[in-house]
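Remarks on the structure that follows.
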Amino acid sequence: MTTKLELIHVLGDVMTELDKLGSQLDYKSTDPAEVKAIDSLRDVIDAYQLKLVKTTIDEGNKIFQQHTASLLEVNAELTTTIADVKQVAKTIGALANLIGAIAKIVAFI
């Protein structure tokens, strides 16, 4: 069973990895739209994380656990691309999927 705290940590880890990715990008050869997308998606994750921090969640609820399991699956996909500066487009797609999973959790709570 995944807890609220574990979920918050997962999102924090994602944001840390995005910050690392941003510091490793070659801004001369990286599409500025991709850089902007990563920054914007990071901000969305940050806002969702803050909402999770401020909300009381029934961690044992079946729907919460289902949505959290989906988020962890998407996060596993994201971790295969996020550290590779050559896979920015795939990372953006994986981030969009992660945000979709987070949105389901936040909608539930």
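The values are calculated or read from the model by the stated rules, or taken from the named source; none is laboratory data. The shown structure was predicted, so the numbers you read here are calculated from the model rather than taken from an experiment. Protein only, heavy atoms only, side chains kept; ligands, DNA and RNA dropped before computing areas. Shrake-Rupley method; radii C 1.70, N 1.55, O 1.52, S 1.80 Å.
Data table
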| read-out | value |
| --- | --- |
| In Hz, Karplus ³J(HN,Hα) per residue of region 93-106 (6.51, -1.76, 1.60; θ = phi - 60°; x = Gly, Pro) | x, 5, 5, 4, 5, 4, 5, x, 5, 5, 4, 5, 5, 5 |
| Computed helical MRE - 222 nm, the chain, DSSP H runs ≥ 4 contributing -39500 (n - 2.57), nearest 500 | -26500 deg cm²/dmol |
| Accessible area of the chain belonging to carbon and sulfur atoms, whole % at 1.4 Å probe | 54 |
| Nearest-10 value in Å² for the accessible area of Glu17, using the 1.4 Å probe | 60 |
| Cα-based reach from Lys104 at 22 Å (exclusive), listing lysines while leaving out same-chain residues under 8 positions away | Lys4, Lys51, Lys54, Lys62, Lys90 |
| Karplus-derived 3J(HN,Hα), 6.51/-1.76/1.60, for each residue of region 68-85, Hz, glycine and proline x | 5, 4, 5, 4, 5, 5, 5, 4, 4, 5, 4, 5, 7, 10, 4, 7, 9, 5 |
| Gain on full stretching of the segment that runs from Thr30 to Thr55 - 0.36 nm per residue minus C-alpha separation | 5.3 nm |
| Kirkwood hydrodynamic radius of region 1-81, Cα pairs, Å | 14.0 |
| Average accessible surface area per residue within the chain, 1.4 Å rolling probe, Å² | 57 |
